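Asks: Questions regarding the structure given below will be posed in turn.
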Amino acid sequence: MNTSRSNTASRVAKYFIWKANKDGKELTNKRLQKLLYYAQAWNLTIKDKPLFKDDIEAWIHGPAVRDVYHEYKSYGYEPIKKDINVKEISDLIDDSLLDEVWKVYGKYDAEYLEELTHNEYPWQKAREGLNSAVVSSNIITHDSMKNYYRERLKDAKS
């Protein structure tokens with residue numbers, strides 16, 4: 001990946017929208033939020049650095065990046081219909097980690113991904129002590145993601 005260009009969650013979101021369009025799949029905002037979370041978590045785990053600078057918050061329906069949510073909020077629960085200019089994301093297209101996140105998590109619908117994230121420590125830790133219906137802007141920390149997924153990686157290798 002070209003590191004001279006600063007990644008934002010919005011740029012990474014455009015990659016996933018482009019990928020969904022290319023593969024003929026539908027991508028809702030809720031599903032997109034979970035893909036951003038997994039991309040950040042695995043980048044932290046494998047490359048030991050954040051993929052993007054934006055915070056991921058522990059919302060009721062799972063991890064979410066506030067700015068990206070608002071960028072695509074007008075689509076509601078409908079698939080995001082947006083043509084992405086490939087030039088904007090050209091340096092992300094060959095990123096094997098993003099391709100792998102898409103391959104592993106992109107096949108699941110938003111509800112499954114929400115349930116998956118709700119059963120994982122980073123989201124649970126960020127919402128500790130909160131009722132499931134309470135709105136939260138608590139941050140899911142990089143350390144909690146990195147530590148949790150490093151353990152999962154160790155378990156998978158053993």
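Asks: T117: under 18 Å from K34 (Cβ atoms) and without any contact (Cβ under 8 Å) to a residue 24 or more places away in the chain, yes or no? Outline the logic, then answer.
Replies: Values: under 18 Å from K34 (Cβ atoms): yes; without any contact (Cβ under 8 Å) to a residue 24 or more places away in the chain: no.
When the stated conditions are applied, T117 does not pass them.
Asks: With the condition kept exactly as written, say whether any residue in the range 124-141 is in a helix (DSSP H, G or I), crowded, with 18+ Cβ neighbours inside 10 Å and in contact with a helix residue (DSSP H, G or I) (Cβ under 6 Å, 6 or more places away or on another chain).
Replies: Within the range 124-141, the first condition is being in a helix (DSSP H, G or I), and the residues that meet it are 124-126.
Filter once more, keeping what is crowded, with 18+ Cβ neighbours inside 10 Å: 126.
Restricting the remaining residues to those that are in contact with a helix residue (DSSP H, G or I) (Cβ under 6 Å, 6 or more places away or on another chain) gives none.
Looking through the range 124-141, none of the residues is in a helix (DSSP H, G or I), crowded, with 18+ Cβ neighbours inside 10 Å and in contact with a helix residue (DSSP H, G or I) (Cβ under 6 Å, 6 or more places away or on another chain).
Asks: Tell me yes or no: at least one residue of the range 29-43 is hydrophobic (A, V, I, L, M, F, W, C), under 15 Å from the mean Cα position of the chain (by Cα), buried (at least 20 other Cβ atoms within 10 Å of the Cβ) and not in a helix (DSSP H, G or I). Steps first, please.
Replies: As a first pass, look at the range 29-43 and keep what is hydrophobic (A, V, I, L, M, F, W, C): 32, 35-36, 39, 41-42.
Among the residues that remain, those that are also under 15 Å from the mean Cα position of the chain (by Cα) are: 32, 35-36, 39, 41-42.
Okay, now just the ones that are also buried (at least 20 other Cβ atoms within 10 Å of the Cβ), so 32, 35-36, 39, 41-42.
Applying the additional criterion that residues be not in a helix (DSSP H, G or I) yields none.
No, every residue in the range 29-43 fails to be hydrophobic (A, V, I, L, M, F, W, C), under 15 Å from the mean Cα position of the chain (by Cα), buried (at least 20 other Cβ atoms within 10 Å of the Cβ) and not in a helix (DSSP H, G or I).
Asks: If G24 satisfies every condition in (1) in contact (Cβ under 8 Å) with a residue 60 or more places away in the chain; (2) out of contact with any Lys or Arg (no Cβ under 8 Å at 6 or more places or on another chain) but one, which is the exception?
Replies: Going through (1) in contact (Cβ under 8 Å) with a residue 60 or more places away in the chain; (2) out of contact with any Lys or Arg (no Cβ under 8 Å at 6 or more places or on another chain) one by one, G24 breaks only (1).
Asks: Next question. Hey, does the range 79-94 have a residue that's free of Cβ contacts under 8 Å to residues at least 60 places away in the same chain, in contact with a Ser or Thr (Cβ under 9 Å, 6 or more places away or on another chain) and not in a helix (DSSP H, G or I)?
Replies: Among the residues of the range 79-94, at least one is free of Cβ contacts under 8 Å to residues at least 60 places away in the same chain, in contact with a Ser or Thr (Cβ under 9 Å, 6 or more places away or on another chain) and not in a helix (DSSP H, G or I), which makes the answer yes.
Asks: Within the range 44-66, count every residue that is β-branched (V, I, T) and not in a helix (DSSP H, G or I). Full working, then the answer.
Replies: Applying the first criterion (β-branched (V, I, T)) to the range 44-66 yields 45-46, 56, 60, 65.
Going one step further and asking which of them are not in a helix (DSSP H, G or I), we end up with 56, 60, 65.
Selection size over the range 44-66: 3.
Asks: Do we have Y69 as of a type outside the set (D, E, K, R), part of a helix (DSSP H, G or I), touching a residue at least 60 places away in the same chain (Cβ under 8 Å) and within 26 Å of N131 (Cβ to Cβ) here?
Replies: Values: of a type outside the set (D, E, K, R): yes; part of a helix (DSSP H, G or I): yes; touching a residue at least 60 places away in the same chain (Cβ under 8 Å): no; within 26 Å of N131 (Cβ to Cβ): yes.
It is false that Y69 is of a type outside the set (D, E, K, R), part of a helix (DSSP H, G or I), touching a residue at least 60 places away in the same chain (Cβ under 8 Å) and within 26 Å of N131 (Cβ to Cβ).
Asks: Tell me which residues, restricted to the range 130-158, are charged (D, E, K, R) and closer than 15 Å to A58 by Cα.
Replies: Step one: list which residues in the range 130-158 are charged (D, E, K, R), which gives 143, 146, 150-152, 154-155, 157.
Correct list: D143 only.
Asks: Looking at E100, is it at pLDDT 95 or above, surrounded by fewer than 18 Cβ atoms within 10 Å (Cβ to Cβ) and more than 26 Å from S137 (Cα to Cα)? Spell out the reasoning first.
Replies: Details: at pLDDT 95 or above: yes; surrounded by fewer than 18 Cβ atoms within 10 Å (Cβ to Cβ): yes; more than 26 Å from S137 (Cα to Cα): yes.
Against the criterion (at pLDDT 95 or above, surrounded by fewer than 18 Cβ atoms within 10 Å (Cβ to Cβ) and more than 26 Å from S137 (Cα to Cα)), E100 qualifies.
The values are calculated or read from the model by the stated rules, or taken from the named source; none is laboratory data. Because the structure is predicted, anything quoted here is derived from the model rather than measured. So basically every Cβ, Gly included, is an ideal-geometry build from the backbone, and we count neighbours across all protein chains shown.
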